[in-house]
1. Taking segment 1-43 as the search range and keeping residues that are among the aliphatic types (A, V, I, L, M) and over 15 Å from the mean Cα position of the chain (by Cα), which one is modelled with the highest pLDDT?
2. Just wondering, is there one or more residues in segment 65-86 that are within 20 Å of GLU28 (Cα to Cα), out of contact with any Ser or Thr (no Cβ under 7 Å at 6 or more places or on another chain), buried (at least 16 other Cβ atoms within 10 Å of the Cβ) and at pLDDT 95 or above?
3. Could you check segment 1-25 and list, in sequence order, the residues that are part of a loop (DSSP other than H, G, I, E, B) and not polar (S, T, N, Q)?
4. Contact list please: Cβ distance under 8 Å, first residue in segment 1-15 and farther than 14 Å from GLY32 by Cβ and without any contact (Cβ under 8 Å) to a residue 60 or more places away in the chain, second residue part of a loop (DSSP other than H, G, I, E, B) and among the aromatic types (Phe, Trp, Tyr), pairs at least six apart or on different chains.
5. Hey, can you tell me all the residues within segment 87-132 that are surrounded by 15 or more Cβ atoms within 10 Å (Cβ to Cβ), of a type in the set (A, V, I, L, M) and not in a helix (DSSP H, G or I)?
6. Mind checking which pairs have a first residue in segment 41-59 that is over 21 Å from GLN15 (Cβ atoms) and a second that is in a strand (DSSP E or B), Cβ under 9 Å, 6 or more apart or different chains?
7. Among the residues of segment 63-79, is any under 11 Å from the mean Cα position of the chain (by Cα) and either at negative phi or not in a helix (DSSP H, G or I) (or both)?
Amino acid sequence: MKVFDREPSDWKELQDMVGQLFEEMGCEVEVGKQVLNVRGTKEIDVYVSDPAIAPGGVYLCECKYWKRSVPQEIVHSFRTVMSDTGAHRGFIISMAGFQSGAREAATNTNIDLVTFAELQAIFADRWRVTMGERLTPYSNVFFPYWDPSGGARPTFQ
């Protein structure tokens, strides 16, 4: 299942749409966040704090709007950033896929290599439930008689 009905048109829009996905699920999101690590500062494309899990989790998202597949060096570098920042999970989102070396480098790590469509599929159920909960108060106001028989509207779960 997809959350968005279109693909991003550039790297900035990819970052913004990834951030929007997490924000709509109730996460705290910072796009382009500067974090301090062992070697200085590093800009994280999308930094996510997820309060819905206990204890809260931190996800880092590296967005690649490239015409070529992501190589293994990107995974190695991202793994170091993940370790230095103490993030719980990382996503490298690529519009063009991944080289086999990148997939090998991510094996047995807390990094997922995904396309934009795959990221949406991973979180689609959670997004659907969260958005249903957020929009239910509005549906009660605008659609008090949801079904044709005049009965109560269905719950979103």
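1. The first filter runs over segment 1-43 and keeps only residues among the aliphatic types (A, V, I, L, M), leaving 1, 3, 14, 17-18, 21, 25, 29, 31, 35-36, 38.
Adding the requirement that they be over 15 Å from the mean Cα position of the chain (by Cα) leaves 35-36, 38.
Working: VAL35: 91, LEU36: 86, VAL38: 81.
The qualifying residue modelled with the highest pLDDT is VAL35.
2. no
3. The initial filter retains those residues of segment 1-25 that are part of a loop (DSSP other than H, G, I, E, B), namely 1-10, 25.
Selection gives MET1, LYS2, VAL3, PHE4, ASP5, ARG6, GLU7, PRO8, ASP10, MET25.
4. ASP10/TYR65
5. ALA87, ILE92, ILE93, MET95, ILE111, LEU113, VAL114, listed by residue number.
6. So the pair list comes out as PRO51/GLU28; PRO51/GLY57; GLY56/SER49; GLY56/ASP50.
7. Of segment 63-79, the ones under 11 Å from the mean Cα position of the chain (by Cα) are 63.
Right, trim to either at negative phi or not in a helix (DSSP H, G or I) (or both) and you get 63.
Yes, because at least one residue in segment 63-79 is under 11 Å from the mean Cα position of the chain (by Cα) and either at negative phi or not in a helix (DSSP H, G or I) (or both).
The values are calculated or read from the model by the stated rules, or taken from the named source; none is laboratory data. Keep in mind that what you see is a predicted model, and the values were worked out from it rather than measured. Cβ coordinates were reconstructed from backbone atoms using ideal geometry, including for glycine residues, and neighbour counts include every protein chain displayed.
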